[in-house]
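The values are calculated or read from the model by the stated rules, or taken from the named source; none is laboratory data. Being a predicted model, the structure only gives us computed values, none of them experimental. Cβ placement follows ideal geometry from the backbone for every residue including glycine, while neighbour counts extend to all protein chains displayed. To get the accessible areas, we keep the full protein, side chains included, count just its heavy atoms, and leave off ligands, DNA and RNA. Shrake-Rupley method; radii C 1.70, N 1.55, O 1.52, S 1.80 Å.
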Amino acid sequence: MKTIVTAPKIETKLIVDDADTKVGQNFTITGTLLDKDNQPVPIETVNITVNGSTKTATTNTTGQFNTTFTLDQMGEYTINVIYSGTDVYNQST
């Protein structure tokens, strides 16, 4: 008898902290990548895009990541954070 077991990818979620800045000043975007059980997803790459500029950050052992941007104009900007997933973990946005 042959049995087949399927292990689905693990769901993930991104939590991104609010960011506040002034024109010409550096600001840091921080966040956390967690699995479906709210456990950290360590040593994974996330892509952060602000105003068309994309940077990558790597999660630490507690799932936290950060990167720094500088804005050169006044206005409101959308921060897009994407985790592309792996063979084990699903993508998160």
Problem - Test item: Cα-centred dipole of the chain, Lys/Arg +1 and Asp/Glu -1 on Cβ, debye - result: 300 debye
Problem - For the range 20-27, 3J(HN,Hα) per residue [Karplus equation, 6.51 cos²θ - 1.76 cosθ + 1.60, θ = phi - 60°, Hz, x = Gly/Pro] - result: 9, 7, 10, 4, x, 9, 5, 9
Fill in the blank from the handout: Ratio for the chain, C-alpha Rg to 2.2 N^0.38 Å, reads 1.32
Problem - Under 12 Å from the Cα of LYS22 - aspartates and glutamates, other chains or at least 8 residues apart - result: ASP72, GLU76
Exercise for the section: Keeping all protein chains in position, work out how much accessible area LYS22 exposes to a 1.4 Å probe, and write it in Å² to the nearest 10. Expected result: 140 Å²
Practice task
Taking 7 Å along the Cα-to-C-beta vector as the label spot, tell me the ASN51-THR93 distance in nanometres, rounded to one decimal.
Solution key: 2.3 nm
Fill in the blank from the handout: Per residue, accessible area of the chain with a 1.4 Å probe, heavy atoms of protein chains only, in Å², comes to 69 Å²
Practice task
Starting from the Cα of ASN38, step 7 Å along the direction of its Cβ; do the same at GLU76; then give the gap between the two resulting points in nm.
Solution key: 3.0 nm
Practice task
Keeping the other protein chains in place, figure out the carbon and sulfur percent of the accessible area of the chain, with a 1.4 Å probe.
Solution key: 45 percent
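Tally Lys and Arg at +1 and Asp and Glu at -1 over the other residues with C-beta under 14 Å from the C-beta of LYS22: what net charge comes out?
Values: positive: none; negative: ASP20, ASP72, GLU76.
With Lys, Arg at +1 and Asp, Glu at -1, the neighbours total -3.
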